[in-house]
Amino acid sequence: MSRITPISNYEESELAPLFEQAEKWMGFQPNDGLIMAHKPTMLTSFFTLAKAVYEDGLVDQGLKRMIGHISSLSAGCEYCSAHTAFSANKFGVSDEKMKTIWNFQTSPLFSEKEKAALNVALKSSMTPNQVTDEDFDALKTHFSQPAIVEIMGVISMFGFLNRWNSTLGTKIEDKPNSFYQSLKKVSHE
């Protein structure tokens with residue numbers, strides 16, 4: 001149960017258009033947004049940031065979700081881990097890839113480009129930050145400076161979301177939770 005109760009009357013508030021858009025993008029109403037709605041200017045500002053981070057750009061949408069996922073796993077945020085796994089799937093990232101994402105550095109499922117981005121996402125989500133100049137040089141071999149800014153936007157946004165949702169104990173919605181739990185199950189067949 002969330003430590004702060006999500007608002008329930010969002011359809012009647014000035015935030016209704018934001019929540020309609022969120023439902024189109026995500027397929028459900030996000031509880032973290034419903035909690036953030038207690039401070040409407042914070043929610044509208046965050047929505048603007050999320051839109052800018054996730055808009056089409058130089059970095060593949062599936063990779064952006066994997067970056068958010070490894071950042072969230074590293075931070076221990078179950079809420080964001082469930083959301084990013086669910087949305088990565090919506091953007092074509094295979095279940096097999098998501099099940100092995102902790103092993104991205106040695107898995108043949110990940111390209112060198114993906115490995116460079118995920119490595120920076122993992123190491124930058126640690127405290128203290130573990131990114132080295134060598135890690136960044138590897139990132140630069142695959143991505144332009146504007147693309148790296150996109151990657152850092154994803155990592156930084158999830159730094160905020162991981163702390164927000166872990167501290168508030170935000171309840172994971174059924175759709176992302178069901179998908180995330182299915183990834184965690186070990187097949188015995």
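A few points about this structure:
- Sites excluded, chymotrypsin sites (Phe, Trp or Tyr not before Pro) in DSSP loops with at most 16 other C-beta within 10 Å, longest stretch of the chain: 92-189
- The slack between ARG3 and ASN129, meaning 0.36 nm per residue of separation minus the straight C-alpha distance, is 42.5 nm.
- Neighbourhood net charge (15 Å Cβ-Cβ; Lys/Arg +1, Asp/Glu -1) for TYR79: +2
- In sequence order, segment 5-15 has phi-based couplings of 6, x, 5, 10, 9, 5, 5, 9, 9, 5, 8 Hz under the Karplus curve 6.51 cos²θ - 1.76 cosθ + 1.60, θ = phi - 60°, and Gly or Pro positions carry x.
- Whichever aspartates and glutamates have a C-alpha closer than 17 Å to that of LYS90, once near sequence neighbours (fewer than 8 apart) are set aside: GLU23, GLU55, ASP56, ASP60, GLU173, ASP174
- Residues whose amide H comes within less than 5 Å of that of GLU173, counting only those at least five positions distant or on another chain, are ASN31 (H built at 1.01 Å from N in the peptide plane).
- A straight chain from SER107 to GLU23 at 0.36 nm per residue would run longer than the Cα-Cα distance by 26.9 nm.
- Exposure ranking of VAL149, VAL53 by accessible area [1.4 Å probe, largest first]: VAL149, VAL53
- Solvent-accessible area assigned to carbon and sulfur over segment 1-123 amounts to 54 percent, based on a 1.4 Å probe.
- Taking a span of 24 Å or more along the helix axis (Cα atoms) and a mean Kyte-Doolittle hydropathy of at least 0.5 as the rule, the DSSP H helices of the chain that qualify are 145-168.
- Accessible area per residue for segment 1-129 is 50 Å², calculated with a 1.4 Å probe on protein heavy atoms, without ligands, DNA or RNA.
- Whole-number percent relative contact order across the chain, with pairs defined as alpha carbons under 8 Å at least 6 apart: 31
- Counting Lys and Arg as +1 and Asp and Glu as -1 over every other residue whose Cβ lies under 15 Å from the Cβ of ASP60, the net charge comes to +1.
- Environment charge of PHE46, counting only residues whose C-beta is closer than 14 Å and scoring Lys/Arg +1, Asp/Glu -1: +2
- Accessible-area order (highest first, 1.4 angstrom probe) of the listed residues GLU134, GLU114: GLU134, GLU114
The values are calculated or read from the model by the stated rules, or taken from the named source; none is laboratory data. All values derive from a computational prediction rather than experimental measurement. No Cβ is skipped: glycine too gets one built from the backbone with ideal geometry, and neighbour counts run over all protein chains shown. Side chains included, ligands, DNA and RNA excluded: accessible areas come from the protein's heavy atoms. Shrake-Rupley method; radii C 1.70, N 1.55, O 1.52, S 1.80 Å.
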